[in-house]
1. If you add up the charges near His149, with Lys and Arg at +1 and Asp and Glu at -1, over every other residue whose beta carbon is less than 11 angstrom from its beta carbon, what do you get?
2. Among Lys283, Lys47, which comes first, second and so on when ranked by fewest other beta-carbon atoms within 10 Å?
3. If we count other beta carbons within 10 Å of each Cβ, what is the order of Ser136, Ser36, fewest first?
4. What does the charge count near Ile46 come to, summing +1 for each Lys or Arg and -1 for each Asp or Glu among other residues with Cβ under 12 Å from its Cβ?
5. Which order do Asp235, Asp272 fall in if you start with the one that has the fewest other Cβ atoms within 10 Å?
6. Reachable aspartates and glutamates from Lys113, Cα under 16 Å, same-chain residues fewer than 8 places away excluded?
7. Could you work out how far the C-alpha centroid of segment 245-272 sits from that of segment 58-98, in angstrom?
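What follows is calculated from the coordinates using simple rules that are stated; it is not laboratory data. Quick caveat, the model's predicted, so the values are computed rather than measured. Every residue, glycine among them, receives a Cβ derived from its backbone with ideal geometry; neighbour counts consider all protein chains shown.
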Amino acid sequence: MPLSKTRVAAELLRILPRKRVSQALGMLADLPVPTSVLDQLTGVYIKAYNVDLSEAEVPEGGFASFNSFFTRRLHPGSRPLDQDATALLSPADGRIEDCGPIERGATFRVKGKLYDVGELLGDSSIAHRYDGGLFSIVYLSPRDYHRVHAPVAGKVSEARYVGGTLYPVNAIGAHVPRLFARNERVVVHQNSLLHGDVVSILVGAVGVGRIGIAFDEELVTNVGKAPVVHTYGDDGPYIDRGDELGVFYLGSTVILLTEARAKWKLVTAAGDSVRMGQALARKVAV
């Protein structure tokens, strides 16, 4: 039986130096480009991916580089937060790749593929906390707004860079076993008074120059170093619901994990399109 095009692409990517390619693309995307040239490049991109720039803040004189276009901010008020202050908010614009309960043993399945929470976190010693909680995975396509925001209000207790490789997170990546656990990522723990520990995992992908973290510039991705952990304890920065956590330089995926004691009910399903600030789950009255 002939291989599908996505399977062939996945096999080819296995032999390419994906991190070095991604680093090079990131450097190119940061280079200043004459406005006339950049307008042509972004025009092609906008048409190809049906990008809506009507809500974007365009700097006077236009964008200075492709990355400044890609990481564009939105006009204030473009993403109103759900009025339920106890809701779990979508951290980004995108599509729900999958969502559901975290099973006993701190595992869950994404389209039939098993994931281990401890492996995703880069810390198996705390994985048990999330037994019975929820997971939700938001995929950001090339057309989406690429800043990531806090799903709840709370202090950041820990941020961890977990090194890894870089595979695509689109249909090609579906052929890569344990994709999200193999790609490099940044794991952000927020301590919510209402919900306990809520984890946002920003997953890198091939072509991503880096992941920027809004509250800690020392956490650098796509550098191939061993895991880096910044533990803040009670002195961590307070991030309100909807405030910025980080930014993808050329797109990827965010995984949310919650503890069981949060008692949320999902109000979204796999395949749903979501916008930052929309409710993914609502607190269940006890």
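1. Value of the local net charge: 0.
2. Neighbour counts put them in this order, fewest first: Lys47, Lys283.
3. Lowest count first: Ser36, Ser136.
4. +1
5. Ordered from fewest to most neighbouring Cβ atoms within 10 Å, Asp235, Asp272 come out as Asp235, Asp272.
6. Of all the aspartates and glutamates, those that pass the test against Lys113 - Cα under 16 Å, at least 8 places apart if same chain - are Glu97, Asp98, Glu103.
7. 15 Å
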